[in-house]
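Worksheet for the structure shown next.
The values are calculated or read from the model by the stated rules, or taken from the named source; none is laboratory data. In this text, all values refer to a predicted model and were calculated from it rather than measured experimentally. All Cβ positions, even for glycine, are placed from backbone atoms using ideal geometry, and neighbour counts span all protein chains on display. Protein only, heavy atoms only, side chains kept; ligands, DNA and RNA dropped before computing areas. Shrake-Rupley method; radii C 1.70, N 1.55, O 1.52, S 1.80 Å.
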Amino acid sequence: MGIVRWNDQATQWIDGLSTVTRLLVWAGISLAAAFTVVLVEYLSSGTFLGWSWAVLFAIVMTASGYAGSTLRNRTGKRSRV
């Protein structure tokens, strides 16, 4: 339950940021996740598939996180009126 509550608070905090800052936060989270996956892959199998899929993963994750924040902000503003 604690992780869910922390995730909700973090999401609300990110959604309240300005546009550029929100994009940078989602990019940072995406890069951290991509590097974690690369590190786990390398440590577990000893092989490295390359950066192309990791960069693509980070771009898609950044775009989806930013789009989700934008949609949540639009929905929140409409429901308050």
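As a check on your grasp of the helix formula, calculate [θ] at 222 nm for the chain: sum -39500 (n - 2.57) over DSSP H runs of n ≥ 4, divide by the residue count, round to the nearest 500.
Computed mean residue ellipticity for the chain: -31000 deg cm²/dmol.
Select one label from (i) 0.98; (ii) 1.09; (iii) 0.93: the one whose number is Rg/Rh (Cα atoms, Kirkwood Rh) as derived from the coordinates shown.
Step by step, Rg/Rh (Cα atoms, Kirkwood Rh) for this structure corresponds to label (ii).
How much FRET efficiency would the formula 1/(1 + (r/R0)^6) give for LEU24 and SER44, where r is the Cβ-Cβ distance and R0 is 25 Å, rounded to 0.05? Intermediate results must be reported in sequence, preceding the final value.
Values: r = 30 Å, r/R0 = 1.21.
Computed FRET efficiency for LEU24 and SER44 comes out at 0.25.
Taking only protein heavy atoms and a 1.4 Å probe, what accessible area per residue, in Å², does the chain have with all protein chains in place?
On the way: 6060 Å² over 81 residues.
Ligands and nucleic acids excluded, the figure is 75 Å² per residue.
At 18 Å minimum axial length over the Cα atoms and a Kyte-Doolittle cut of 0.5, report the qualifying DSSP H helices in the chain, or say none.
19-45
Rounded to a whole number, what % of the accessible area of the chain do carbon and sulfur atoms account for, probe 1.4 Å? Numbers along the way, then the final one.
Working: 4230 of 6060 Å².
Carbon and sulfur together cover 70 percent of it.
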